[in-house]
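Asks: Once you've had a glance at the structure underneath, I'll fire off some questions.
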Amino acid sequence: GAVVSQHPSRVICKSGTSVKIECRSLDFQATTMFWYRQFPKKSLMLMATSNEGSKATYEQGVEKDKFLINHASLTLSTLTVTSAHPEDSSFYICSASRVAGDQHEQFFGPGTRLTVL
Amino acid sequence: AQSVTQLDSHVSVSEGTPVLLRCNYSSSYSPSLFWYVQHPNKGLQLLLKYTSAATLVKGINGFEAEFKKSETSFHLTKPSAHMSDAAEYFCVVTGGFKTIFGAGTRLFVKA
């Protein structure tokens, strides 16, 4: 299957700082990428849909000024958590969508564990 | 509209016994259905997927699932559990370019 990477895998930061997480599709071009957040022992919550060359579409309740998403190329999307606070600590997972005919399949990255002190 | 319900939050089995993880879905579209596994502090790994081909889908590590349209179900099974199967399992439905995750089922495997 296709490979999606995330960097960093873990990050610890101080409250008030900003953190950038990268999501890359390594062997295919992804016009659409997705960002999810997973709270401890919970399911994945879709935060936003990132389309290459256009603004991201955020799900209800997700602060777009807090979670900045940039999809500058067909293989890279970034999520920046601005002015992070302890409640932003979570597991962030991205996925990249590959379209084949009328089927689209998502390939998930390994996730990034963010801890805000 | 789409939704997915995993009927059990926790399932506990003994090693060597069968595994059944239940999933029901609803979708306004012809859905694609997936099962993913997540080991502690790890990302998601695709176990298997249904995309309107054969209704009985075989996946990795001996898992399989059967798509039953009349019952709107996509239950995950494995004949014999292994200790390494202990993990969180997610049933996922996609349709119309929207992806919905189930709440997850934690599988415990006892020695």
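Asks: If you plug each phi of the stretch B:79-90 into the Karplus form 6.51 cos²θ - 1.76 cosθ + 1.60 with θ = phi - 60°, what whole-Hz ³J(HN,Hα) values come out, in order, with x for Gly and Pro?
Replies: Along the stretch B:79-90, the couplings run x, 9, 6, 10, 3, 6, 7, 4, 4, 9, 10, 10 Hz.
Asks: In the calculated pair distance distribution of the stretch B:1-56, what percentage of Cα-Cα distances lie above 17 Å?
Replies: On the way: 837 of 1540 pairs.
Here the tail beyond 17 Å accounts for 54 percent of pairs.
Asks: Compactness ratio of the stretch A:11-65: Cα Rg over 2.2 N^0.38 Å, N = residue count? It would help to have the intermediate numbers written out before the result.
Replies: On the way: Rg = 13.2 Å, N = 55, 2.2 N^0.38 = 10.1 Å.
Against the compact-globule rule of thumb, the ratio is 1.31.
Asks: To the nearest 20 debye, what charge dipole does chain A have about its Cα centre, counting +1 at the Cβ of each Lys and Arg and -1 at the Cβ of each Asp and Glu?
Replies: Roughly 380 debye, rounded to the nearest 20.
Asks: Continuing with this model, one more query. Which whole-number value in Å³ per residue fits the convex hull of the alpha carbons of the protein assembly as shown?
Replies: On the way: hull volume 27.8 nm³, N = 228.
Convex hull volume per residue, Cα atoms: 122 Å³.
Asks: Starting from 0 in steps of 10 Å, tell me what percent of the Cα-Cα pairs of the stretch B:62-111 lands in each bin.
Replies: Percent of Cα pairs in each bin: 21, 47, 26, 6, 0.
Asks: Considering just Cα atoms, how many Å³ per residue does the convex hull of the stretch B:27-111 enclose? All intermediate terms of the calculation are to be shown ahead of the outcome.
Replies: Numbers: hull volume 8.8 nm³, N = 85.
Convex hull of Cα atoms, per residue: 103 Å³.
Asks: A further question follows. Would you mind getting me the FRET efficiency between B:Ser70 and A:Leu68? Use the beta-carbon distance for r and R0 = 41 Å, nearest 0.05. Don't jump to the answer; show the numbers that get you there.
Replies: Values: r = 45 Å, r/R0 = 1.11.
Given R0 = 41 Å and the Cβ-Cβ separation, E is 0.35.
Asks: For chain A, count the residues as N, evaluate 2.2 N^0.38 Å, and divide the Cα radius of gyration by that value, please.
Replies: That ratio works out to 1.01.
Read-outs throughout are calculated quantities, based only on the coordinates presented, and are distinct from any laboratory measurement. The structure presented is a predicted model; accordingly, all values stated were derived computationally and were not measured. Don't worry about glycine lacking a Cβ; one is built from the backbone with ideal geometry, like all the others, and counts go over all protein chains shown.
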